[in-house]
1. Right, residue B:359: closer than 30 Å to residue A:61 by Cα and assigned to a helix (DSSP H, G or I) or not?
2. Could you please find all residues in region B:345-355 being surrounded by fewer than 18 Cβ atoms within 10 Å (Cβ to Cβ) and modelled with pLDDT of 95 or more?
3. Quick test for you: out of B:356, B:382, pick the one residue that is touching a residue at least 60 places away in the same chain (Cβ under 8 Å) and within 14 Å of chain A (Cβ to nearest Cβ).
4. Return a yes/no flag: does region B:187-209 have any residue that is over 16 Å from the mean Cα position of the chain (by Cα) and within 14 Å of another protein chain (Cβ to nearest Cβ).
5. Only one residue in B:141, B:155, B:126 is touching a strand residue (DSSP E or B) at 6+ places or on another chain (Cβ under 9 Å), at positive phi and outside the structural domain of residue B:42 (by TED's automatic domain parsing), so which one is that?
6. State all residues of region B:372-385 that are surrounded by fewer than 15 Cβ atoms within 10 Å (Cβ to Cβ) and touching a helix residue (DSSP H, G or I) at 6+ places or on another chain (Cβ under 9 Å); if no residue qualifies, say none.
């Protein structure tokens with residue numbers, strides 16, 4: 001879990017264009033309140049798909065999925081489980 | 001349903017008796033259509049969208065959009081003002097679920113038929129309405145706001161303005177809230193004029209906005225959600241209905257011209273009739289588009305999951321681009337059919353005004369900006385909207 005969160009932070013650092021360092025962002029911090037724009041969130045999705053080798057289904061392509069590091073982790077976990085099955 | 005049918009019928013009477021007769025003067029003088037607004041207030045059409053339990057008309061968005069279309073057919077400026085007002089009302093009805101906003105809707109929007117305007121753009125943000133430079137400052141339950149707005153349509157005539165701003169002085173540019181700014185705690189200092197080709201009666205001057213408001217007049221939800229669930233889709237729906245009204249006025253004018261030609265030589269179908277048949281196929285596409293998209297929004301308007309889907313955002317963007325393109329197409333075809341009679345600025349056909357108004361549609365929130373937004377969303381969206 002911590003490892004996944006750090007991987008997510010790395011993607012955030014490179015692609016989310018946040019005004020704060022991704023390392024200082026807690027797992028439940030609201031990324032939109034932290035400055036994630038809707039434009040940057042699209043780039044974030046693309047980068048996450050690349051980094052974790054997944055594809056978000058249509059139902060996950062909405063704001064709430066990318067609300068926090070925790071919600072991103074949950075989304076990724078559910079995708080990885082689906083693949084493993 | 002009968003009461004609502006009544007609203008559209010009442011709007012037709014207002015459009016015929018008050019809005020249409022003033023349309024040329026409103027356009028020529030670039031003045032606010034005050035007689036139209038007086039009539040809309042008298043008919044209680046400004047509060048049509050407010051729920052019945054708060055004293056409003058309890059109409060659906062589709063019905064209110066039809067009223068905007070009827071008005072836009074008679075005077076595009078009046079139609080746009082009505083549309084923009086209703087977009088603000090929709091934001092309050094759908095997101096102002098607190099006691100303070102319900103009281104405002106009941107007392108001001110219903111009780112005094114208040115006219116609401118919008119200040120979402122800002123000098124210095126490069127047209128990106130999802131970012132703000134100005135911020136709300138809160139002291140002892142009161143908020144203050146100062147904003148340099150390049151455009152506030154009919155700002156001088158509005159009873160209140162809904163303005164976006166950063167949530168606090170420390171918030172990032174994208175963390176916005178929507179604030180209800182009312183007179184007399186709202187002061188607008190004009191910074192530019194409004195002398196455009198079309199939509200001249202909307203009087204969309206630039207202003208410095210200075211306002212104070214009780215903290216309870218900051219909408220509780222993030223503007224990001226208000227924007228994607230209500231402000232954007234409702235804007236595109238309301239505007240496209242007004243533009244369809246413009247197209248409908250142009251097609252009616254060209255139909256009259258063809259009929260007059262046919263009467264001169266009964267038994268001979270005038271060549272322009274073929275062009276009219278073509279125009280009607282485009283008009284049908286336009287009408288089907290706005291009717292379908294209104295139904296589509298109504299079907300999911302309470303379904304947050306569906307509203308938050310990227311494919312929905314792309315579809316509503318596409319509606320704006322398509323409608324603003326179709327209105328120019330239809331009016332251009334009407335001009336071709338009417339010939340020099342339509343091209344004359346002093347013609348009773350009124351096509352030149354429709355042509356000028358039609359070209360504004362693609363520019364107010366530029367289609368290129370909207371297409372760029374869709375293009376970006378489509379990088380990840382999975383299905384067509």
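1. So residue B:359 does not fit the description; no.
2. Selection gives B:352 alone.
3. Result of the check over B:356, B:382: B:382.
4. No, because not a single residue in region B:187-209 is over 16 Å from the mean Cα position of the chain (by Cα) and within 14 Å of another protein chain (Cβ to nearest Cβ).
5. B:141
6. Listed by number, the residues that qualify are B:379, B:383, B:384.
Residues checked against (1) modelled with pLDDT of 90 or more; (2) more than 22 Å from residue B:225 (Cβ to Cβ):
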residue: A:11; (1), (2): yes, yes
residue: A:32; (1), (2): yes, no
residue: A:52; (1), (2): yes, yes
residue: A:60; (1), (2): no, no
residue: A:81; (1), (2): no, yes
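Conditions (1) within 14 Å of another protein chain (Cβ to nearest Cβ); (2) free of Cβ contacts under 8 Å to residues at least 40 places away in the same chain; (3) within 18 Å of the chain's Cα centre (by Cα), marked per residue:
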| position | (1), (2), (3) |
| --- | --- |
| B:171 | yes, yes, no |
| B:175 | yes, no, no |
| B:179 | no, no, no |
| B:217 | no, no, no |
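The values are calculated or read from the model by the stated rules, or taken from the named source; none is laboratory data. Everything numeric here is computed off the predicted structure, so don't read it as measured data. Note that each Cβ is placed from the backbone with ideal geometry, even for glycine, and that neighbours are counted across all protein chains shown.
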